[in-house]
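Participant: Got a structure for you, written out below as structure tokens; questions coming shortly.
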Amino acid sequence: MTTKTEKLNKVQIHVGGMTCASCVARVEEALQKVPGVVSAGVNLASEKATVEYIDGTEVADLRRAVKDAGYEPQEEEATPEDITAASAREIKNVRDRFIVAVVLAAAIMALMWLPAFTGKSYLMWALATPVQFWAGWRFYRGAWGALKHRTADMNTLIAVGTSAAYFYSLVAVLSPGLFRAVEVHLYFDTSAMIIALILLGRFLEARAKGKTSAAIKRLIGLQPKTALVIRDGEEVEIPVEDVQVGDLILVRPGERIPVDGIIRQGSPGIDESMVTGESLPVDKKEGDEVVGATVNKTGSFWFEATRIGRDTTLARIVRLVEEAQGSKAPIQRLADIIAGYFVPVVIGIAVITFIIWYFAGPAPSLTFAFLNFIAVLIIACPCALGLATPTAIMVGTGKGAEQGILIRSAGALERFYKIDTLLLDKTGTLTEGKPEVTDIITISPHSEDEVLGLAAAVEHDSEHPLGEAVVREARERKLKLAKVSGFQAIPGHGAEAKIGRKKLLLGNLQLMK
């Protein structure tokens with residue numbers, strides 16, 4: 001419990017090697033035992049641990065606790081490129097293993113229906129072996145990791161069930177004399193198809209995670225790669241990572257603003273729809289704040305950098321999305337608790353099932369006991385229990401961020417379905433995202449097309465969204481635009497140009513006055 005004088009810190013740690021909800025419980029337990037830790041939540045789908053702790057607790061201690069629990073803490077924060085590349089490798093790895101497994105499993109099942117021929121059982125054994133020990137290697141590795149911690153997880157169920165089917169069949173092939181009293185059945189098709197189907201689930205899971213990491217990468221990609229700054233009295237283009245607080249930065253029309261800052265010279269029109277949802281550019285003046293990653297629509301300007309790196313608004317948005325993806329919905333916490341007890345209970349039920357069928361079941365009792373033992377292990381394997389909710393949260397928050405909707409936590413997302421009324425405190429926020437021409441009011445003897453054609457001719461060279469809307473409307477009406485000369489944008493007011501000898505002014509009421 002923290003006091004008012006204790007500062008609460010938060011950190012996210014990437015945790016590798018987790019495979020199921022039981023792993024989540026172990027990592028959370030290990031982190032919560034570190035002195036000074038207030039809370040620890042682990043998200044299986046994003047493979048991240050979010051830890052809140054008080055001053056005096058070192059992040060190195062948290063990483064050591066994760067490592068001591070048998071998992072792999074990432075020492076350095078991964079870049080979006082690292083995350084996306086690792087995700088792509090994981091998707092390819094799982095996809096390749098799934099393809100091999102499903103092709104070989106299908107071949108084994110086809111052989112099961114063919115009449116007996118010399119070497120048939122050996123051929124099935126040869127086809128099943130790479131599925132069991134290459135395609136299914138991840139399950140053995142996960143089961144061994146769980147065993148080292150004297151526990152069991154989803155991998156344990158899969159490894160025990162498929163191994164039982166595989167090795168039973170192997171013994172039946174190599175020593176059929178051991179089963180003279182019963183009819184011999186081979187279960188290579190069972191073990192191979194189970195591994196193939198579970199790999200399909202892992203592939204879909206990896207692809208969902210990949211899409212979400214790509215969404216975060218696109219969000220971070222909104223920030224420009226370089227900035228034009230004044231250094232030693234000269235304009236120098238530098239990587240945005242090298243920008244320092246206090247640097248003067250030049251932004252031209254059409255460019256994104258590199259970092260947060262305050263305008264020192266110029267009166268631009270800034271598209272801040274990324275932050276506010278407002279589709280029209282906001283006119284700025286000296287002393288106004290600008291937000292990194294927003295777009296300068298009109299007029300060059302100089303601004304002073306005030307927040308850089310992890311302190312910018314965009315960086316905070318990205319962290320908010322990542323924390324939301326790593327947070328847990330109330331239903332997920334319940335699922336994690338259940339999953340922690342589920343695996344050992346299932347294994348216990350499977351053993352009891354085997355014993356009952358072996359001693360009280362019909363002949364051949366060993367075969368029936370074995371089949372039902374495998375059935376309990378495989379059918380009860382609750383991978384979806386630990387993966388469905390976190391994967392849904394990842395995808396939901398990621399897609400929301402792409403559309404400009406930021407979700408603070410999984411709990412808020414879970415409660416959202418109860419909303420039946422939405423109140424907005426600002427008109428014009430819910431728009432198409434771009435302005436449109438709705439009315440053209442003329443004074444006789446001028447027609448709508450004439451007025452629209454003149455306005456579109458002037459705005460043809462403008463980058464202002466209102467001008468783009470006028471030009472778009474003229475094109476939809478298939479109007480022929482006259483050639484203009486002397487076009488000049490008047491920041492904050494409008495534009496002027498000449499058509500022949502006529503001077504045209506197009507803008508707001510201030511310009512008209």
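Participant: Would you mind classifying region 450-513 by shape? Square roots of the alpha carbon gyration tensor eigenvalues, ordered a ≥ b ≥ c; an a/c under 1.5 is rounded, otherwise it is prolate if a/b is larger than b/c and oblate if not.
Facilitator: Taking the square roots of the gyration eigenvalues as a ≥ b ≥ c, region 450-513 is oblate.
Participant: Turning to a different aspect of this structure: Answer rounded, prolate or oblate for region 221-372, using the Cα gyration tensor with square roots of eigenvalues a ≥ b ≥ c: rounded when a/c is under 1.5, else prolate when a/b is larger than b/c, else oblate.
Facilitator: prolate
Participant: Determine the order of Y168, Y341 by accessible area, beginning with the largest, at a probe radius of 1.4 Å.
Facilitator: So the residues, ranked largest to smallest area, are Y341, Y168.
Participant: What distance in nm lies between label points placed 7 Å from Cα along the C-beta direction at A363 and E255?
Facilitator: With each label point 7 Å from Cα toward Cβ, the separation is 8.9 nm.
Participant: Further question: Can you give the FRET efficiency to the nearest 0.05 for E468 and R264, using r as the Cβ-Cβ distance and R₀ = 30 Å?
Facilitator: That pair, E468 with R264, gives E of 0.55.
Participant: To the nearest 10 square angstrom, how much accessible area does K67 have with a 1.4 angstrom probe?
Facilitator: Accessible area, nearest 10 Å²: 140 Å².
Participant: For region 112-159, just say rounded, prolate or oblate: build the C-alpha gyration tensor, square-root its eigenvalues into a ≥ b ≥ c, call rounded for a/c under 1.5, and beyond that prolate if a/b exceeds b/c, oblate if not.
Facilitator: Prolate.
Participant: Sticking with this one: Could you compute the FRET efficiency for D288 and R218, with r as their C-beta to C-beta distance and R0 at 30 Å, rounded to 0.05?
Facilitator: 0.60
Participant: Turning to a different aspect of this structure: Provide the FRET efficiency to the nearest 0.05 for the R408-T306 pair, computing r from the beta carbons and using R0 = 30 Å.
Facilitator: 0.75
Participant: For the pairs K92/K217; K48/K297; K434/K478; K10/K92, note any where the Cα-Cα span goes beyond 27 Å.
Facilitator: Over 27 Å apart, Cα to Cα: K48/K297; K10/K92.
Participant: Now for a separate question. Tell me, what is the per residue accessible area of region 473-513 in Å², probe radius 1.4 Å?
Facilitator: Working: 3350 Å² over 41 residues.
Here the residues of region 473-513 average 82 Å² of exposed surface.
Participant: Shifting gears a bit: Residue-wise, which Karplus ³J(HN,Hα) couplings in Hz belong to region 128-143, taking 6.51 cos²θ - 1.76 cosθ + 1.60, θ = phi - 60°, and x for glycine or proline?
Facilitator: 6, 4, x, 5, 5, 10, 9, 5, x, 4, 4, 6, 5, 4, x, 5
Participant: Fully extended, how many nm does the chain gain between E237 and N9 (0.36 nm per residue separation, minus their Cα-Cα distance)?
Facilitator: Result: 78.5 nm gained on full extension.
Participant: Can I ask one more? For region 127-161 and region 477-513, what is the separation of their Cα centres, given in Å?
Facilitator: So the separation of the two Cα centres works out to 73 Å.
Participant: Taking 0.36 nm per residue of sequence separation and subtracting the Cα-Cα distance, how much length would be gained by fully extending the chain between K418 and E29, in nm to one decimal?
Facilitator: Once the chain is fully extended between K418 and E29, it gains 136.8 nm.
Participant: Continuing with this model, one more query. Roughly to the nearest percent, how much of the accessible area of region 407-499 is carbon and sulfur, given a 1.4 Å probe?
Facilitator: On the way: 3660 of 6810 Å².
Using a 1.4 Å probe with all protein chains present, region 407-499 comes out at 54 percent carbon and sulfur.
Participant: Here's something else I'd like to know. Spin-label point model (7 Å from Cα, Cβ direction): what's the K503 to K399 distance in nm?
Facilitator: Between K503 and K399, the label points sit 5.6 nm apart.
The values are calculated or read from the model by the stated rules, or taken from the named source; none is laboratory data. Bear in mind the structure is a predicted one, so any value in this text is a computation, not a measurement. Cβ coordinates were reconstructed from backbone atoms using ideal geometry, including for glycine residues, and neighbour counts include every protein chain displayed. Side chains included, ligands, DNA and RNA excluded: accessible areas come from the protein's heavy atoms. Shrake-Rupley method; radii C 1.70, N 1.55, O 1.52, S 1.80 Å.
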